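Enquirer: The structure that follows is given in the form of structure tokens.
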Amino acid sequence: MFLTSSFVPIILIIAVFVVLLLIFIISRFRICPSDKILVIYGRTRKTESGETMSSKCIHGGWAFVWPIVQKYQYMDLTPMSIEVNLTSALSRQNIRIDVPSRFTVGISTEPGVMQNAAERLLGLSHNEIKTLASDMLFGQLRLVVATMDIEEINADRDKFLANIQKNVEQELKKIGLKLINVNVTDIKDESGYIEALGKEAAAKAINDARKSVAEKNRDGSIGEANAKQEERIKVAQANAAAVQGQNDAKILIANSEANRREKEAIAEKIAVTAENVQRAKALQESYLAEEEAEQARAIRERATL
């Protein structure tokens, strides 16, 4: 009993120590939300080339942060809207233009770019990051304008935005950002060149519309005339077909009438012939009867004599 009672406090102390150790270990696990990047710095692992990484970036998932030798911070992935009102930028034609635009950027989650963000943006607020990115956007937007004509910038807006995106993304990746969207609101120039282009395009569009209307009217008139001509031809063909049908019908009627008359004549001839034959037979029989009567009378008279 003495030994058992002496071991109880030791067991309790060990149990409490184990529980506290488990709580401490569990408390050092950090779970990264989907809208943030967990950056662990201090003692970090080495890369495959043998270089020691300045920090370890985790987007989604969890990690264990060693006490004393490691610390951690979160970087927010919320997009940032940056207004860039570029003025008096020289185009390739040496004409100054104003390009008001709005860029939406955010911290990249691409592995290599995310490492750049941890090295250059960790600890900065959104306003400080926007200020840093705004300077880069101004420079790259001015560079893109200098490589294009005003006609391309004004007419081929897709190409202009593609060039902006290509140049800006390369620079933003250097500090760990990515371009989400760019919107150019309106483009103006000091000399009124763009306005003149707009008036020229409007006049061309009006002239093209008038030409198209005239061509449509011409096509309509030609089509109407062709339709009327075709209608007359069809009517004439129908009338000719009707007359031909009437003539064919008359011919058929005449042929039928002639056949009827021919058949009637033949029938009448046959009837007359038969009547004459019968009449001749009747006369012959009458003559024979008279002859026989005369012979009988002569015999009788002779007999009487």
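The values are calculated or read from the model by the stated rules, or taken from the named source; none is laboratory data. This is a predicted model, so every value here is computed, not measured. In this analysis, Cβ positions are derived from the backbone assuming ideal geometry, glycine residues included, and neighbour counts consider all displayed protein chains. These area figures cover heavy atoms from the full protein model, side chains too; ligands, DNA and RNA do not enter into them. Shrake-Rupley method; radii C 1.70, N 1.55, O 1.52, S 1.80 Å.
Enquirer: In the range 116-141, what count of residues is obtained for those that are open to solvent by less than 30 Å² (accessible area, probe 1.4 Å) and in contact (Cβ under 8 Å) with a residue 60 or more places away in the chain?
Expert: 2
Enquirer: May I pose another question? For the range 146-161, state whether one or more residues are assigned to a helix (DSSP H, G or I), closer than 30 Å to Y72 by Cβ and either open to solvent by 80 Å² or more (accessible area, probe 1.4 Å) or free of Cβ contacts under 8 Å to residues at least 12 places away in the same chain (or both).
Expert: Taking every residue of the range 146-161 in turn, none turns out to be assigned to a helix (DSSP H, G or I), closer than 30 Å to Y72 by Cβ and either open to solvent by 80 Å² or more (accessible area, probe 1.4 Å) or free of Cβ contacts under 8 Å to residues at least 12 places away in the same chain (or both).
Enquirer: Next up: Looking at L77, is it open to solvent by 40 Å² or more (accessible area, probe 1.4 Å), closer than 30 Å to S27 by Cα and among the hydrophobic types (A, V, I, L, M, F, W, C)?
Expert: no
Enquirer: Answer yes if at least one residue in the range 290-305 is modelled with pLDDT under 80 and either under 60 Å from the mean Cα position of the chain (by Cα) or hydrophobic (A, V, I, L, M, F, W, C) (or both), and no otherwise.
Expert: yes
Enquirer: Name the residues in the range 65-79 that are in contact (Cβ under 8 Å) with a residue 24 or more places away in the chain and of a type in the set (A, V, I, L, M, F, W, C), would you?
Expert: Within the range 65-79, V65, W66, V69, M75, L77 qualify.
Enquirer: Which of (1) open to solvent by 80 Å² or more (accessible area, probe 1.4 Å); (2) closer than 30 Å to E151 by Cβ; (3) not aromatic (F, W, Y) does E231 not meet, given it meets every other one?
Expert: Among (1) open to solvent by 80 Å² or more (accessible area, probe 1.4 Å); (2) closer than 30 Å to E151 by Cβ; (3) not aromatic (F, W, Y), the lone unmet condition for E231 is (2).
Enquirer: Identify the single condition in (1) at pLDDT 90 or above; (2) surrounded by fewer than 17 Cβ atoms within 10 Å (Cβ to Cβ) that I107 does not satisfy, given that it satisfies every other one.
Expert: (2)
Enquirer: Further question on the same structure: One residue is enough: does the range 80-98 have a residue meeting the conditions within 26 Å of S55 (Cα to Cα), open to solvent by less than 60 Å² (accessible area, probe 1.4 Å), part of a strand (DSSP E or B) and in contact (Cβ under 8 Å) with a residue 40 or more places away in the chain?
Expert: The answer is yes; a qualifying residue exists.
Enquirer: Which ones in the range 51-83 are among the aliphatic types (A, V, I, L, M) and closer than 19 Å to H126 by Cβ?
Expert: Passing the criteria: M75, L77, M80, I82.
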